[in-house]
Ligand SMILES: Nc1ncnc2c1ncn2[C@@H]1O[C@H](COP(=O)(O)OP(=O)(O)OP(=O)(O)O)[C@@H](O)[C@H]1O
Ligand SMILES: Nc1ncnc2c1ncn2[C@@H]1O[C@H](COP(=O)(O)OP(=O)(O)OP(=O)(O)O)[C@@H](O)[C@H]1O
Ligand SMILES: [Mg+2]
Ligand SMILES: [Mg+2]
């Protein structure tokens, strides 16, 4: 019989990358005989409590496998422990949980991705220029990691001057407004890193409205919207995280764990996939329609 | 009406205006970039969506109701238009018109459920917030990253009579709503049912018609706000408009319109929306730490309203 | 009181209860996992935070006010407790008490600003929502991933008299709030100022005291909800509680308490919070597509409220 | 003259109450038809059915012989029926002019004709001698002015054939009542038929041609006004004969309790007087003379600019109603809907609201509350008799009794009543007067502010006459007669 599985993400509504991970999990699940359902809390992006409720419900339903894209590094730890104790194979994907009491972790180094973005901007600007950061949801762990990566990158390129650092949400509209405002005080801006493709696309709209088409804008995630903007030349590059690969590794780890009689022997406790830089040169292969 | 009566009548709006001017002056001193024509246009554009939605919300709140579905209705317009245009290749003007019609219809359903279902406005529109958002997700599920044709983006940046179109449209809607409130039966009836519904009924006002019209107009404002949004971001994110309801309500209340209905002015909402936009823009321009922004915004709004009330 | 009067008095609550029972029966037929002791405990735990906040909100809404800051106040408790305990090594009990005290104080400030600043409750608590969230971000900026000691997590899962502690605490608070409303001057005064503030004042009720106490109690409920949240998640995410205000208000209104104040019942809020939790849990259990969930939740809530009103 | 409006077999029930029970009623063209009955007899319910505000349960209604069935007030309005309701149907946040034209705005090509609205309102206000500007916000006006505006709102309608007036004079002074009656007669001569409800029986004889008396939702009788004396009417209404309209006055004035010196505030100046134990002190004056403001300031409900208060020679300062009540002072406010009642609370809850401290030990003793509140509820014979009813479902007069019961329960040493019998039927009035005198006999100081001269003369031991916010006269004993009161009120010099 098929195994019952679930992928729990933070958001199936706003964040295309989260949606992609979920959809890829369902698709790969079909291939390997796991019936995977997608879950996300009904509340906002920060609704960790909602994720906990979902996992509690999944334990009740005797789900075999949970792929958890945790919203928070520690908040989900207690319920994950409970799930493991109840015999559910929990694999942590993308955002690293602060525990080893799970089958495995598979993810991307967000800090490294943030640094890659700055490195690329530096390369395009020849190491010298005025750059800005548009942050994602303030206080979100992913935001913090990407910001740290950005700051590290800025340090290693002393020719780059960080002119502004603003943000609040992950949305296009936020990217647009913040970029409009930044361009007021820094009309001579050379580069921007938006911590999500949504932000980068919004920033590109603001730059276009202001007639500044030579600003190097880099996004993050690898969403269709981002790819299309790269193809059109509005955005210079994005940092892609390979959702498909993460999902495959995660589900494989869970299946191995179950086959092993629910022991983690022989399973890599953590696997990091390298983030990839996608520029106009590589973008065509990722555009789906 | 004499100037004196006018001043007495609009006291709260005038003080809110004074707060707005004070904030503008302070910000002008704090950054040379703030008080420039370009930035003022930016502020206008940034305020426009909240203002347009807020104008519909003004009608609803004057009628002693509330509309929490505005953000979702805005997203509904955008998504329907995007799906029709991008996926089905429908001409953008037709796609936009159909999207507006659907959104107006959703607003009308709000009114009908409140009136005939006797469900409190808060619950009805909270339900519609969920339903409309669900519809948005469903219709855009396969295509979360649709984007609009280049010509369409004119709506965000094109100039009419020398001012950007979003600002122009906001001004037009503000004038229309204020004429509606002052010179039409519908407008006066909105005040009457907000002030005393039973009295309005006993005076021969058709409550059902007025209430349904009010929420329908709010739906129309959301639809127009959605068009501006779509052109500004050039895309149709299914998350568009999340959280807009509280901003729109705040703009209305900062403008001196009371939540319990029966009174309120368009000018107040205009000032309220501008105040909110100026603060958000100003804090970015003077580069306030993002961690501090929500504190500063919250505090300034409370203080501005406190001032306008202390003088009462 | 005779049974008849009791029934007439609680008609709306009884019909809401009937809706709840109907939903439970339908869900039980749709999934074998739904009506199990374990899942019912889950529902209780999942409802507990919304319920506890909703109980404070019930007081506020009966007094004809509103509190939008509940989600931020909940986060405030969690963050203060975490920073004191994790960063400064303060004992968890002391850290928790200080955090509760600070949150209660924030609630009191809401009341003071509304009463003496004459700022509408909507704006005041919207401002507090921003300010408290900002404070949470500031104090946890260096340590976004603080986690609580193992013993503390007992609060989420420990059993008292055979039931999980969050459920136990909700029941205790529900009983206390309902006793407060029924058997104390403060409780009676809350109804009085909500129904007609001027009449209450002329009957010798100290409006300022009652209003400030109401918002302070709402702050206390948020603090207690925050403790449960902290134990459930074992961590202090700065985004805790975002969006909780609308859920809490919805639970109160589904329970038959009107937004314009003067009436309301604790039993209604309990049923409202349970109904919301049951629907959310049930839709997960019977594996409804997440895109459909918000539509179904929105529709069920509107229909439930419509039913309880149609019988009026 | 034919029958204009005829209702037959009309019944209407509310949960637990049969407000109208198989009632027949007819209205002849051009007549003024009085509708009388005790509080809760069903008068307002009948007229609300006629105006389409309520739907009937049973029965038929014919207008000019044709069956009609109004679903909404606007349908009745189109048929020429206008109603002045007992509860004002006004929007306080709007202006006087707009309230007058609410729902019937004159239109120009481009929208509402505000010039016409303001001009017409000014004319109407002037014609009826109402002291208000068209642009005043209604919420800033006193009860009497608002009552007049409520009347103007209906009478300016052009197609008016039937005018229904539900207690239009309960808040009016004699002078305004006279203006109103002149106008009623004018309308009558123009062919408008009028249904007139009032508890002031002397008025009935002045303007009504026929009288219908209701009791407990049933019609008792209909007869020409000329065939009935006031005593007959009272007998029909109450069921028994009522000999006196006032009880014997309380006789012994004791020590001074409240002393008011040099009191100045918004609406009154230089007020000094004392109130004594065992005495009923009247305060009278024209509408707007400052009675309400004075009482409210003494009670701490609004701030006085200067002056002193002393209680039993001990200076007190009533900074708020809470303090005043703690000092043993109570005030029954003028406007029952806005100041007196919590409409969505039960009768019990309203009655005990000012006495919560007495039943809190420290938790509210609900049994004691029910007992004491119910005692006062029963003492005033409030109908319907279940004190757990919400106040909003009571008839106007019974609502007023709830406010009275609240202050009876409080049992303050100094009780101030502002227009205590507004909207109360004759039988109940006598009962309330008796209660007031009883309170005085029991050693309380009672102050009654009233613009009904008869009430002041029949009830009070002593009376202060206010004009434009100042005490112009203090009258007691034989001097307290209607001639003297009217002279002082209206400002004409009275020669001793
Ligand atoms: N909306 C309502 N809901 C329930 N009961 C009502 C309602 N309106 C009136 N009643 C009841 O119907 C009865 C008749 O009331 P009505 O208002 O017609 O009396 P009334 O003769 O006008 O008395 P009053 O002289 O005091 O104004 C009363 O017992 C009253 O309590
Ligand atoms: N809330 C208010 N705002 C502004 N003016 C008011 C208010 N209440 C009363 N007034 C005005 O103050 C004056 C005195 O009113 P007050 O009610 O004290 O008179 P009164 O002697 O009690 O007469 P009555 O109660 O019979 O109308 C009147 O002109 C009245 O219109
Ligand atoms: Mg009546
Ligand atoms: Mg008065």
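Just to be sure, is residue B:66 in contact with a helix residue (DSSP H, G or I) (Cβ under 7 Å, 6 or more places away or on another chain), crowded, with 16+ Cβ neighbours inside 10 Å and within 14 Å of another protein chain (Cβ to nearest Cβ)?
It is true that residue B:66 is in contact with a helix residue (DSSP H, G or I) (Cβ under 7 Å, 6 or more places away or on another chain), crowded, with 16+ Cβ neighbours inside 10 Å and within 14 Å of another protein chain (Cβ to nearest Cβ).
For the condition surrounded by fewer than 23 Cβ atoms within 10 Å (Cβ to Cβ) and either within 16 Å of ligand 3 (Cβ to nearest atom) or within 14 Å of another protein chain (Cβ to nearest Cβ) (or both), what is the one hit in D:398, D:461, D:393, D:413?
D:393
For region C:133-146, enumerate the residues that are under 14 Å from residue C:83 (Cβ atoms), touching a helix residue (DSSP H, G or I) at 6+ places or on another chain (Cβ under 7 Å) and either modelled with pLDDT of 85 or more or more than 9 Å from chain B (Cβ to nearest Cβ) (or both).
Hits for region C:133-146 are C:135, C:136, C:137, C:138, C:139, C:140, C:143, C:144, C:145, C:146.
Can you tell me which residue within region A:29-41, out of those that are buried (at least 22 other Cβ atoms within 10 Å of the Cβ) and either modelled with pLDDT under 85 or more than 7 Å from chain C (Cβ to nearest Cβ) (or both), is nearest to the chain's Cα centre (by Cα)?
Checking each candidate, the answer is A:41.
Tell me the residue from B:264, B:268, B:256 that is within 14 Å of chain C (Cβ to nearest Cβ), in a loop (DSSP other than H, G, I, E, B) and modelled with pLDDT of 90 or more, please.
B:264
Please give the strands (runs of 3 or more DSSP E) falling wholly within region A:124-222 in which 3 or more residues are free of Cβ contacts under 8 Å to residues at least 60 places away in the same chain.
Values: elements: A:129-135, A:160-167, A:191-194, A:216-221.
Here the list reads A:160-167.
When residue D:451 is evaluated against the numbered criteria (1) at pLDDT below 90; (2) buried (at least 19 other Cβ atoms within 10 Å of the Cβ); (3) away from ligand 4 (no atom under 16 Å from the Cβ), which criterion, by number, is the only one it fails?
(3)
Any residue at all in region A:95-103 that is at pLDDT 90 or above and more than 16 Å from residue A:249 (Cβ to Cβ)?
yes
Restricting the search to region D:2-43, which residues are away from ligand 3 (no atom under 16 Å from the Cβ) and within 14 Å of chain C (Cβ to nearest Cβ)?
Within region D:2-43, D:15, D:16 qualify.
Can you tell me which residue among A:199, A:189, A:125, A:176 is surrounded by 20 or more Cβ atoms within 10 Å (Cβ to Cβ), more than 14 Å from the chain's Cα centre (by Cα) and more than 10 Å from every other protein chain (Cβ to nearest Cβ)?
A:189
So, residue D:52, is that one more than 16 Å from ligand 3 (Cβ to nearest atom), closer than 30 Å to residue B:194 by Cα and within 14 Å of another protein chain (Cβ to nearest Cβ) or not?
yes
Residue by residue, here is whether (1) within 16 Å of ligand 4 (Cβ to nearest atom); (2) out of contact with any helix residue (DSSP H, G or I) (no Cβ under 6 Å at 6 or more places or on another chain) holds:
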| position | (1), (2) |
| --- | --- |
| D:436 | no, yes |
| D:446 | no, no |
| D:465 | yes, no |
| D:482 | no, no |
| D:488 | no, yes |
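Could you check residue A:285 against (1) part of a loop (DSSP other than H, G, I, E, B); (2) closer than 22 Å to residue A:15 by Cα and say which number it fails?
Evaluating residue A:285 over (1) part of a loop (DSSP other than H, G, I, E, B); (2) closer than 22 Å to residue A:15 by Cα leaves (1) as the failure.
Return the only residue of B:219, B:243 being touching a helix residue (DSSP H, G or I) at 6+ places or on another chain (Cβ under 6 Å) and touching a residue at least 40 places away in the same chain (Cβ under 8 Å).
It is B:219.
Among the residues that make up region D:208-221, is at least one of them in a loop (DSSP other than H, G, I, E, B), within 14 Å of chain B (Cβ to nearest Cβ) and more than 16 Å from ligand 4 (Cβ to nearest atom)?
Scanning region D:208-221 turns up no residue that is in a loop (DSSP other than H, G, I, E, B), within 14 Å of chain B (Cβ to nearest Cβ) and more than 16 Å from ligand 4 (Cβ to nearest atom).
Which one of these is under 28 Å from residue B:198 (Cβ atoms) and within 12 Å of another protein chain (Cβ to nearest Cβ): B:43, B:78, B:114?
Values: B:43 fails: under 28 Å from residue B:198 (Cβ atoms); B:78 fails: under 28 Å from residue B:198 (Cβ atoms).
Step by step, each of B:43, B:78, B:114 is checked, and only B:114 is under 28 Å from residue B:198 (Cβ atoms) and within 12 Å of another protein chain (Cβ to nearest Cβ).
Examine region D:400-409 for a residue that is closer than 18 Å to residue C:262 by Cβ, assigned to a helix (DSSP H, G or I) and more than 16 Å from ligand 2 (Cβ to nearest atom), and state whether such a residue exists.
yes
Check region D:424-444 and report whether any residue there is within 14 Å of chain C (Cβ to nearest Cβ) and either surrounded by fewer than 21 Cβ atoms within 10 Å (Cβ to Cβ) or within 16 Å of ligand 2 (Cβ to nearest atom) (or both).
no
List every residue pair whose Cβ atoms lie under 8 Å apart, where the two residues are 6 or more positions apart in sequence or sit on different chains, the first residue falls within region D:237-251 and is without any contact (Cβ under 8 Å) to a residue 40 or more places away in the chain, and the second residue, located anywhere, is outside any loop (DSSP other than H, G, I, E, B).
Every condition considered, the pairs that remain are D:239/D:215; D:241/D:231; D:241/D:234; D:241/D:235.
Can you pull out every residue in region A:9-63 that is in contact with a strand residue (DSSP E or B) (Cβ under 6 Å, 6 or more places away or on another chain), in contact (Cβ under 8 Å) with a residue 60 or more places away in the chain and more than 30 Å from residue B:146 (Cβ to Cβ)?
Residue satisfying the conditions is A:34 alone.
Any residue in region D:128-149 that's touching a residue at least 12 places away in the same chain (Cβ under 8 Å) and closer than 24 Å to residue B:10 by Cβ: show its pairings with residues that are within 16 Å of ligand 3 (Cβ to nearest atom) and in a helix (DSSP H, G or I) at Cβ separation under 6 Å, as long as the two are six or more apart or on different chains.
Cβ pairs passing all conditions: none.
For residue D:296, are the conditions met, namely being crowded, with 23+ Cβ neighbours inside 10 Å and more than 14 Å from every other protein chain (Cβ to nearest Cβ)?
Against the criterion (crowded, with 23+ Cβ neighbours inside 10 Å and more than 14 Å from every other protein chain (Cβ to nearest Cβ)), residue D:296 does not qualify.
Which of the following residues is without any contact (Cβ under 8 Å) to a residue 60 or more places away in the chain and in contact with a helix residue (DSSP H, G or I) (Cβ under 6 Å, 6 or more places away or on another chain): D:60, D:53, D:34? It would help to see each step written out before you state the result.
Numbers: D:60 fails: in contact with a helix residue (DSSP H, G or I) (Cβ under 6 Å, 6 or more places away or on another chain); D:34 fails: without any contact (Cβ under 8 Å) to a residue 60 or more places away in the chain.
Result of the check over D:60, D:53, D:34: D:53.
In this structure, does residue A:135 turn out to be surrounded by fewer than 24 Cβ atoms within 10 Å (Cβ to Cβ) and within 14 Å of the chain's Cα centre (by Cα)?
Criteria not met by residue A:135.
Please determine, by comparing only the residues of region D:448-463 that are in contact with a helix residue (DSSP H, G or I) (Cβ under 7 Å, 6 or more places away or on another chain) and not in a loop (DSSP other than H, G, I, E, B), which one is nearest to ligand 2 (Cβ to nearest atom). I'd like the intermediate steps shown before the answer.
Applying the first criterion (in contact with a helix residue (DSSP H, G or I) (Cβ under 7 Å, 6 or more places away or on another chain)) to region D:448-463 yields D:448-450, D:453, D:456-457, D:459, D:463.
Going one step further and asking which of them are not in a loop (DSSP other than H, G, I, E, B), we end up with D:448-449, D:453, D:456-457, D:459, D:463.
Numbers: D:448: 12, D:449: 6, D:453: 12, D:456: 12, D:457: 17, D:459: 17, D:463: 14 Å.
Restricting to residues being in contact with a helix residue (DSSP H, G or I) (Cβ under 7 Å, 6 or more places away or on another chain) and not in a loop (DSSP other than H, G, I, E, B), the top hit is D:449.
Of the conditions (1) in a strand (DSSP E or B); (2) more than 14 Å from chain C (Cβ to nearest Cβ); (3) buried (at least 21 other Cβ atoms within 10 Å of the Cβ); (4) within 16 Å of ligand 2 (Cβ to nearest atom), residue D:472 satisfies every one except a single condition; which number is it?
Unmet condition: (3).
Could you tell me how many of the residues in region A:81-90 are in contact with a helix residue (DSSP H, G or I) (Cβ under 7 Å, 6 or more places away or on another chain) and either part of a loop (DSSP other than H, G, I, E, B) or within 16 Å of residue A:257 (Cα to Cα) (or both)? Walk me through it before giving the result.
Initially, region A:81-90 is screened for residues in contact with a helix residue (DSSP H, G or I) (Cβ under 7 Å, 6 or more places away or on another chain), giving A:82-83, A:86, A:88-90.
Add one more test, that the residue is either part of a loop (DSSP other than H, G, I, E, B) or within 16 Å of residue A:257 (Cα to Cα) (or both), and what stays is A:83, A:86, A:88-90.
Matching residues across region A:81-90 total 5.
The values are calculated or read from the model by the stated rules, or taken from the named source; none is laboratory data. As the structure is a prediction and not an experimental result, all values here were calculated from the model. Note: ideal-geometry Cβ built from the backbone for every residue, glycine included; neighbour counts use all protein chains shown.
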